[in-house]
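Here is the structure we will look at.
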Amino acid sequence: MKIQNYINGEFINPLNDQWLDNYNPANGQVYGSIPNSTKADVELAYNSAKNAFNQWSNTTLEERSRILIKISELLESNLEKLAKAESKDNGKPVALAKSVDIPRAASNFRFFANAITQFASESHDSTGQNAINYTLRQPIGIVGCISPWNLPLYLFTWKIAPALAAGNCVIAKPSEVTPVTAFLLGDICNEAGLPKGVMNIIHGLGTSAGQAIVEHPDIKAISFTGGTSTGAHIARTAAPMFKKLSLELGGKNPNIIFGDCDYENMLDTTVRSSFANQGQICLCGSRILVESSIYEQFKADFVAKVKNLKVGDPSDPNTNLGALVSKPHLEKVLGYIDKAKDENATILSGGNQLSIPNFEGGYYMEPTVIEVSSNDCNINQEEIFGPVVSIMPFDSEEQALSLANSTKYGLSATLWTNNLKRTLRMSKRLEAGIVWVNTWMMRDLRTPFGGMKDSGVGREGGFEALRFFTEPKNICLKY
Ligand code: NAD
């Protein structure tokens, strides 16, 4: 499969004619090539976006909304094809791509197509001064959207949809590891009637194509989802140009379980929150903290369930975990198992690479549960982003809070308890952008999404995203 850049509504080769291999994680085989784009390709995309901006930013909200809804409908009618493509590119089970990734991409477009028609700005009657102040929310212009590999189309569209709805033109870059569904989105944009140049998709490495987007002096806002160190680098690059930044970064999320919770629901959801998408979701609860009174029971029940998970062929509907996204990523995750052993942690389940019959070259790994005695170890402090969770006991609410908050990250936290007062107390004090109580990853697209501390800056979702992608201008009118 030959992937091309999508610029000015057309599919074109990178100007340097250089290409990168694209791998199928399920079998480790190269199955396509992607452009190794550079600054010159970004410049071409910028010029096409610039030419399109005047028309798009002046298109009526009804028309913008109609086109975005059409994109949403086309994503839905191509569900099967896109889900298979996402699975082949990323290694995730087809069933997961079909039930989560692709429907969510369609929802992103539908949601922001509607949200923009409800996006109001403020006005104030400046009493006693014979003046009215009102605020215009204007599109920023040309914006950059850069996304990671774990939820490829889901997160790509989570940025693009609000950017377009707000009247911006976009230069977007998917991860070089998972470019295919972004490539397929180009055709869908054309079919939906999105004017040429409004959306441009550049493929290639972060250090060249991504860096060129961030360095471009006239791309005034960057919405980035990815690793914390990449986010820090982007912030340093963008700072002298005073770009608007939204940074959605890594996590090391606590999953705090009290003895008074609804046990069966907690257990099933904890298996999911630990290993969904091979544990490669920024929101996965990778540090499981369990009240001492139920610790031994939880440990036995959880490990038994984890041992029953089926790892293998992503196209098999019974598969729970597919392949990890790439060989380097698998090696990185396995490296953390070695670190855990060095730190005398106890591997309760898993810990090894797996060879699956007929998929021998694939990047498979056993879902892994590690018992730790301290929160200071590597596997409790560093983001592993794979099918690896740690468990440890706590004795009191205060200790649970202290353990939960003791990492540099602050993306999400999950709390399992039926005690209302404790829920209110702890939710307030947890250092996390999102707190789930007695559930996990239930999303309402109207809510703000993002992290504290090293998990990011800014919020996406709902009107927060539309605020990010618009420039507020105050107009003071004296009468
Ligand atoms: P990454 O930081 O390596 O790459 C993310 C994207 O940035 C890719 O498209 C990459 O090509 C690009 N990039 C890399 N260097 C760049 C540079 N110098 N300039 C511009 N762009 C550059 O992250 P990844 O490995 O693809 O994704 C995994 C990470 O993403 C994890 O840390 C995970 O927690 C995080 N993540 C966060 C969220 C969230 O919402 N907070 C969601 C999903 C994933």
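Descriptive notes on the structure:
- A cut-off of 5 Å between modelled amide H atoms, ignoring neighbours fewer than 5 places along the same chain, links Ile140 with Glu471.
- Within segment 254-444, antiparallel bridges make up roughly 20 percent of the DSSP beta bridges whose residues both belong there.
- Euclidean distance of C-alpha centroids, segment 286-308 and segment 445-479, integer Å: 39
- Length added when fully stretched, Glu10-Asn344, from 0.36 nm per residue minus Cα-Cα: 114.7 nm
- Angle in degrees between helix 420-429 and the longest Cα principal axis of the chain, rounded to the nearest 10: 60
- Relative protection proxy for 4-15, 232-243, from highest mean packing down: 4-15, 232-243 (other beta-carbon atoms within 10 angstrom).
- Residues whose amide H comes within less than 5 Å of that of Val437, counting only those at least five positions distant or on another chain, are Leu415 (H built at 1.01 Å from N in the peptide plane).
- FRET efficiency for Tyr31 and Asn318, using Cβ-Cβ distance with R0 set to 30 Å, rounded to 0.05: 0.80
- Charges were assigned to the Cβ only: +1 to each Lys and Arg, -1 to each Asp and Glu. The resulting dipole of the chain about its Cα centre is roughly 1120 debye.
- Nearest-20 debye value, segment 28-98 charge dipole, Cβ charges on Lys, Arg, Asp, Glu: 120
- Tilt relative to the chain, helix 39-57 - C-alpha long axis, 0 to 90 degrees, to 10: 60
- Between the listed residues Ala276, Gly250, Ile234, the Cα displaced farthest toward the positive end of the dipole of the chain, a dipole computed from Cβ unit charges relative to the Cα centre, is found at Ile234.
- Just so you know, the averaged projected area of the alpha carbon convex hull for the chain sits at 24.0 nm².
- Label point distance in nm, Ser373-Ala40, each placed 7 Å from Cα along Cα→Cβ: 6.1
- Whole-Å distance, taken between Cα centres, linking segment 75-146 and segment 317-349: 34
- Neighbour net charge for Ser246 - beta-carbon separation under 13 angstrom, K R +1, D E -1: +3
- In terms of packing, defined here as the mean over residues of other Cβ atoms within 10 angstrom, the peptides 335-344, 110-119 line up highest first as 110-119, 335-344.
- Evaluated with a Cβ-only charge set (Lys, Arg +1; Asp, Glu -1), segment 1-137 carries a dipole of roughly 260 debye about its Cα centre, given to the nearest 20.
- Cα gyration tensor category, rounded, prolate or oblate, for segment 1-68 with a/c compared to 1.5: oblate
- Residue list for segment 125-151, given a label point 7 angstrom along the Cα-to-Cβ vector of Glu471 and an amide N cut-off under 16 Å: 135-144
- Computed E for Glu62/Tyr263 - FRET, C-beta separation, R0 45 angstrom, nearest 0.05: 0.35
- The chain: calculated mean residue ellipticity at 222 nm from DSSP helix runs of at least 4, using -39500 (n - 2.57): -11500 deg cm²/dmol
- Considering only the chain, percent of DSSP beta bridges that pair antiparallel, nearest 5: 45
- Length gained on full extension, Lys428 to Lys408, computed as 0.36 nm times the residue gap minus the Cα-Cα distance: 5.4 nm.
- Charge-dipole axis of the chain as Lys and Arg at +1 and Asp and Glu at -1 on Cβ define it, positive-most pick from Ile142, Ala209, Asn190: Ile142
We did not get these values from a lab; they are worked out from the coordinates using the rules stated. Here the structure is a predicted model, which means the values were calculated and not measured. Because the Cβ atoms are built from the backbone with ideal geometry, glycine has one as well, and the counts that use them run over all protein chains shown.
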